[in-house]
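A short write-up of the structure that comes next.
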Amino acid sequence: MAKILIKNARTAKGDELVKTDILIEDGLIAEVGGDISLDGSCEVIEAEGKLLAPGFIDVHVHLREPGFEYKETIRTGTRAAAMGGYTTIFAMPNTNPCPDNEEVLGMLKDKCRTDALIKVGFYSSITRGEKGSELVDFKAMMEAGAVGFTDDGKGIQEAGLMYEAMAAAREAGGLIAAHCEDESMLFGGYIHEGEYARKNGHKGIMSLVEDLQIMRDAALSEKTGARYHICHMSTKDGVEILRRSKTKGAKVTGEASPHHLLLTDLDIREHGNWKMNPPLRSPEDRAALIEGIKDGTIDCIATDHAPHSAEEKERGLEKSSFGIVGLETAFPLLYTNLVLKGELKLEKLLYLMTEGPAKVFGLKQGVLVPGAPADLVLIDLDEEWTIDTEKFESKGKNTPFGGWTVKSRIDTVICDGKIVNIGGNLNG
């Protein structure tokens with residue numbers, strides 16, 4: 001594999017951007033320094049002052065394959081990820097068939113060898129077919145390469161079953177990632193039970209729907225000693241429960257999604273692109289999430305990239321499918337609306353998209369140190385552009401952020417020492 005030298009990049013150090021060169025050799029970071037000498041055998045990338053960071057890691061992505069290829073595939077989803085600066089993504093198991101056994105998981109990993117542009121990890125479901133009754137073989141699925149266990153899209157409704165799942169996951173050395181939703185408390189709701197729902201005659205979803213299972217599962221994690229990760233957090237009380245659990249020493253972590261960090265129920269419009277699960281919450285909830293990512297309570301940012309067909313999102317708020325896409329817009333949206341507006345430091349945003357998720361899942365990537373995988377992204381922080389969903393690599397165009405003007409564009413993406421995206425041109 002050819003050596004690559006990135007010259008004259010800048011890395012975020014505190015409040016400063018520091019000149020940095022990086023040498024890549026055999027798919028690994030070989031050297032990091034302020035001025036690395038040129039070598040005639042190197043391919044040189046002149047960064048011209050662009051921001052250099054570890055490749056982004058998204059631990060919550062829906063690739064839809066197998067079974068729902070009309071929404072997304074491994075190929076289109078990983079191309080979208082590469083356009084957004086991601087070099088590692090984890091795919092959720094709510095597919096058909098579901099990766100609840102070694103055979104399906106092996107098939108998915110084989111498909112990635114031909115179709116994936118970047119690294120893809122796969123969750124196993126917690127229960128067979130995500131039906132909430134029979135647990136999978138946790139030990140066998142870990143040995144087959146599962147990155148964790150989740151019945152995403154559904155909360156585990158029975159406390160006893162979740163207790164058994166956590167005990168099995170702990171024994172197998174795995175992690176439980178949970179979509180927290182008490183279905184008995186939904187009462188037909190489909191957006192947040194807040195001001196917009198009340199004013200416009202919509203059925204609301206209480207924050208308690210999420211908080212009850214976070215509270216239950218945090219207690220179960222403390223009891224069993226299992227590693228437990230809360231998916232797409234959206235409520236202020238959920239953040240406080242996570243904060244308390246961490247002070248007790250529980251192995252509990254959490255993620256927040258860009259849309260919950262940027263939008264509230266007061267922003268909702270009468271279109272399915274504003275419908276996601278969990279729903280957009282109140283301004284108070286958003287403020288708590290911001291504080292949670294700033295003080296380290298929330299460990300990482302994950303997009304919950306959830307592509308749907310246009311028809312599935314054109315049925316209004318009540319009947320449209322839940323979910324929006326996010327891989328191609330996450331960093332520019334967060335940089336423009338949090339960093340440039342003074343709500344979050346650039347260094348912290350990068351941590352939440354790289355080293356933070358790597359620490360939760362025990363990954364080697366996510367850092368700029370010699371010996372780490374050469375997963376890197378170069379970002380032009382000065383380029384301003386308008387989000388155009390028709391230019392997405394993802395099959396899904398369902399986002400409330402279409403037409404937003406953002407600053408910063410992904411320029412180059414390197415995964416395991418291979419250039420997969422340069423100037424918005426994908427290699428593969």
Sort out which residues of the stretch 52-75 are more than 23 Å from PHE361 (Cβ to Cβ) and either surrounded by fewer than 22 Cβ atoms within 10 Å (Cβ to Cβ) or touching a helix residue (DSSP H, G or I) at 6+ places or on another chain (Cβ under 6 Å) (or both), and write them in order of number. PRO66, GLY67, PHE68, GLU69, TYR70, THR73, ARG75
Subset of the stretch 93-118 (residues that are aliphatic (A, V, I, L, M) and in a loop (DSSP other than H, G, I, E, B)): ALA116, LEU117, ILE118
Based on what the data block shows, is SER282 farther than 28 Å from ASP380 by Cβ, of a type in the set (Ser, Thr, Tyr) and touching a residue at least 60 places away in the same chain (Cβ under 8 Å)? yes
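Limited to the stretch 273-292, what total is found for residues that are part of a helix (DSSP H, G or I) and closer than 18 Å to LYS199 by Cα?
Number satisfying all stated conditions: 2.
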Would you be able to say whether some residue in the stretch 233-256 is under 23 Å from GLY403 (Cβ atoms), in contact (Cβ under 8 Å) with a residue 40 or more places away in the chain and assigned to a helix (DSSP H, G or I)? no
Considering only residues that are surrounded by 14 or more Cβ atoms within 10 Å (Cβ to Cβ), in contact with a strand residue (DSSP E or B) (Cβ under 8 Å, 6 or more places away or on another chain) and either not in a loop (DSSP other than H, G, I, E, B) or not charged (D, E, K, R) (or both), which ones fall in the stretch 187-201? GLY189, TYR190, ILE191, HIS192, GLY194, ALA197
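Identify all residues within the stretch 389-422 that are part of a loop (DSSP other than H, G, I, E, B) and under 19 Å from TYR335 (Cβ atoms); write none if there are none. Quick ask: steps written out before the conclusion?
Looking only at the stretch 389-422, we keep the residues that are part of a loop (DSSP other than H, G, I, E, B), and these are 392-404, 416-417.
Once the filter is applied, which keeps residues that are part of a loop (DSSP other than H, G, I, E, B) and under 19 Å from TYR335 (Cβ atoms), the stretch 389-422 yields PHE392, THR399, PRO400, PHE401, GLY402, GLY403, TRP404.
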Considering only strands (runs of 3 or more DSSP E) fully contained in the stretch 18-92, which possess at least 1 residues that are at negative phi, without any contact (Cβ under 8 Å) to a residue 24 or more places away in the chain and in contact with a strand residue (DSSP E or B) (Cβ under 9 Å, 6 or more places away or on another chain)? 28-33
Quick check on my filter: what residues within the stretch 293-313 are assigned to a loop (DSSP other than H, G, I, E, B) and not polar (S, T, N, Q)? GLY296, ILE298, ASP299, ALA302, ASP304, ALA306, PRO307, HIS308, ALA310
Of the residues in the stretch 314-357 that are in a loop (DSSP other than H, G, I, E, B) and among the small types (Gly, Ala, Ser), the one that is surrounded by the most Cβ atoms within 10 Å (Cβ to Cβ) is GLY326
Complete set of residues in the stretch 289-312 that are surrounded by 22 or more Cβ atoms within 10 Å (Cβ to Cβ) and among the small types (Gly, Ala, Ser): GLY292, ALA302, ALA306
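Computed from the coordinates by the stated procedures, all read-outs in this text should not be read as laboratory data. None of these values were measured; they are calculated from a predicted model. Don't worry about glycine lacking a Cβ; one is built from the backbone with ideal geometry, like all the others, and counts go over all protein chains shown.
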